[in-house]
Amino acid sequence: FSRGGGGGRVVAEGAVVKSGTKIAPESIAAGVPASVIGKISEDYKKLWTEYKANYNSFASRYRQIKKI
C-alpha cells in the first residue's frame, strides 16, 4: 500500500489488469480481467506502514554489516 499517486491500490496475484482499466485509490482488485472487489481497510493500511518501516530498518542495518 502506498499513498503516492493518489492513494494505494492492491492487485491480487494472478489478476490481469487490462490496458486502460482504472482502479480507484484505496481499492482491491482481483480476477481475470481484474475488477474492484473491495476497499483497503484501515487495519491493512496500518500493518503495511509497520511492515514498510521494519523493512527499511532491516535494510539499513544490513548495509552496516561488514562483509566477510
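The values are calculated or read from the model by the stated rules, or taken from the named source; none is laboratory data. Fair warning: this is a prediction, and the values are worked out from it, not measured in the lab. Because the Cβ atoms are built from the backbone with ideal geometry, glycine has one as well, and the counts that use them run over all protein chains shown.
One residue is enough: does region 1-10 have a residue meeting the conditions buried (at least 16 other Cβ atoms within 10 Å of the Cβ), at pLDDT below 90 and hydrophobic (A, V, I, L, M, F, W, C)? Taking every residue of region 1-10 in turn, at least one turns out to be buried (at least 16 other Cβ atoms within 10 Å of the Cβ), at pLDDT below 90 and hydrophobic (A, V, I, L, M, F, W, C). Count of region 38-64 residues, restricted to those that are without any contact (Cβ under 8 Å) to a residue 12 or more places away in the chain, more than 12 Å from the chain's Cα centre (by Cα) and under 18 Å from V11 (Cβ atoms), is 2. A Cβ distance below 7 Å, combined with a sequence gap of six or more or placement on separate chains, defines the contacts here; from region 1-25, residues that are closer than 17 Å to Y44 by Cα reach residues that are at pLDDT below 70 and surrounded by 14 or more Cβ atoms within 10 Å (Cβ to Cβ) in the pairs G8/F1; V10/F1. Within region 18-34, the set of residues being over 14 Å from the mean Cα position of the chain (by Cα), surrounded by 12 or more Cβ atoms within 10 Å (Cβ to Cβ) and at pLDDT 95 or above comprises G31, A34.
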